[in-house]
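Undergrad: The structure's right below; bear with me while I get my questions together.
The numbers here are math on the coordinates, done by the rules we state, and not lab data. Since the model is a prediction, treat every value here as computed from it, not as a measurement. Counting neighbours? That spans all protein chains shown, and the Cβs are built from the backbone with ideal geometry, glycine included.
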Amino acid sequence: MEPLSLNLGDLCHHVVTFGMDVYPPVEIAQERTRLNIFYEEAHSRWPKLYQSLTASDSDFRISAQFRRNLELSGPSLGTETFVLAPRGPVFMFPLVLPEPVGPTPFDGTYRDDFDKVRQLFFDKVAKRTVMRVGLVRDLLFSTGSTRCERLLTRQGSFADAELVGGTLLLSFKDSLYNYHLLSEPVTIAKTTRLAVGTMINEPAGYGLRVRFDVNNADLQKPLQESDIQGILDRATCLWPDELLNLLRELESGA
């Protein structure tokens, strides 16, 4: 079986997510005016990232549309770029989206954008204490005709049945940070919309879906700005070399 040898050229999906646990929680119904002001200013400053708003007394989320080719046929592809979760704000920065969308305008600039958007959010919404910050990378590597199940286990069969799927979760912890790595072999399909509106899904090979999460281990004290930047620096420095090396070690050790 061919080695995977995953690299950045295999990426067909990459979304960076920053989530914060804040106290006290933001109650949407009581903060609707401030939240709407945040949206208006975010939309004005970063119109490609914050385009449309969905809001009610219990739901607040912003989405954007990304297209590499404005003449692309079929429906536009929407992606949420901000969600106010029960635990706090969640900011999403799509860096690479599946073809035919391709790389988005935020590749390489999301860190600066995140700091500015985060500051704007807390400037416009009532002050909160930040207790946890997490940076999550949602990744999909295309592996062509090569399946990825061997990254999960050495056991390729059970009771005369062949391994066809599963997930692998690894958790690590040091004195400052938690690291979680979730990997899952997937089958990639290409969706085509016919002129009559029918959608056809065609097999397009295999892939490895990876979710890599770095967050602070200590929840007993509020985070200062230096703590937040430290978490982001740590999570950023592990990409891509350290993460790719770990994935390759999983394959070689399987």
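Undergrad: For region 75-219, take N as its residue count and report Rg(C-alpha) divided by 2.2 N^0.38 Å.
TA: That works out to 1.33 for region 75-219.
Undergrad: For the chain, rounded, prolate or oblate, judged on the Cα gyration tensor with a ≥ b ≥ c (square roots of eigenvalues), a/c < 1.5 rounded, else prolate if a/b > b/c?
TA: Oblate, because a/c is 1.5 or more while a/b does not exceed b/c.
Undergrad: Please work out the C-alpha center-to-center distance from region 12-36 to region 84-154 and express it in whole Å.
TA: 13
Undergrad: Quick one: length gained pulling LEU219 to PHE172 fully straight, 0.36 nm per residue minus the C-alpha distance?
TA: 15.3 nm
Undergrad: Same structure again: Among 9-21, 215-227, 164-176, what's the highest-first ranking by average C-beta atoms within 10 angstrom per residue?
TA: Working: 9-21: 19.2, 215-227: 12.9, 164-176: 10.8.
The densest-packed peptide leads the list: 9-21, 215-227, 164-176.
Undergrad: For a quick check: with amide H placed at 1.01 Å from N, whose amide H comes under 5 Å from ALA85's, ignoring anything fewer than 5 positions away on the same chain?
TA: Here VAL90 satisfy the definition.
Undergrad: Then there's this: Between GLU40 and LEU182, how many nm apart are label points set 7 Å from Cα along the C-beta direction?
TA: Distance between the two pseudo-spin positions: 3.8 nm.
Undergrad: Would you pull out the residues with amide H under 5 Å of ALA204's amide H, same chain only if 5 or more places away, H placed 1.01 Å from N?
TA: When sequence neighbours closer than 5 places are left aside, the close amide H contacts are ILE188, ALA189, LYS190.
Undergrad: Determine, from the Cβ-Cβ distance of SER145 and THR236 and an R0 of 41 Å, the FRET efficiency 1/(1 + (r/R0)^6), rounded to the nearest 0.05.
TA: Efficiency for this residue pair is about 0.80.
Undergrad: Another question, if that's okay. Can you figure out the FRET efficiency of GLN119 with LEU53, using R₀ = 22 Å and their beta-carbon distance, to the nearest 0.05? Before the final figure, lay out the partial values.
TA: On the way: r = 20 Å, r/R0 = 0.90.
E(calc), rounded to 0.05, equals 0.65.
Undergrad: Evaluate the distance, in nm, between pseudo-label points positioned 7 Å from the Cα of GLN65 and of ARG211 along their respective Cα→Cβ axes.
TA: 2.9
Undergrad: Using amide H atoms built 1.01 Å from N in the peptide plane, name the residues 5+ places from HIS13, or on other chains, whose amide H lies under 5 Å from its own.
TA: Those qualifying (amide H under 5 Å, at least 5 residues apart or on another chain) are LEU140.
Undergrad: Residue by residue through region 226-241, what is 3J(HN,Hα) from phi via Karplus (6.51 cos²θ - 1.76 cosθ + 1.60, θ = phi - 60°)? Round to whole Hz and write x for glycine and proline.
TA: 5, 5, 4, 5, x, 5, 5, 5, 5, 5, 5, 6, 7, 10, x, 4
Undergrad: Once you order the gyration tensor axes a ≥ b ≥ c over the Cα atoms, which shape class does region 145-254 get: rounded for a/c under 1.5, otherwise prolate or oblate by comparing a/b with b/c?
TA: Taking the square roots of the gyration eigenvalues as a ≥ b ≥ c, region 145-254 is oblate.
Undergrad: Can you tell me the relative contact order of the chain? Whole percent, Cα pairs under 8 Å, sequence separation 6 or more.
TA: 22
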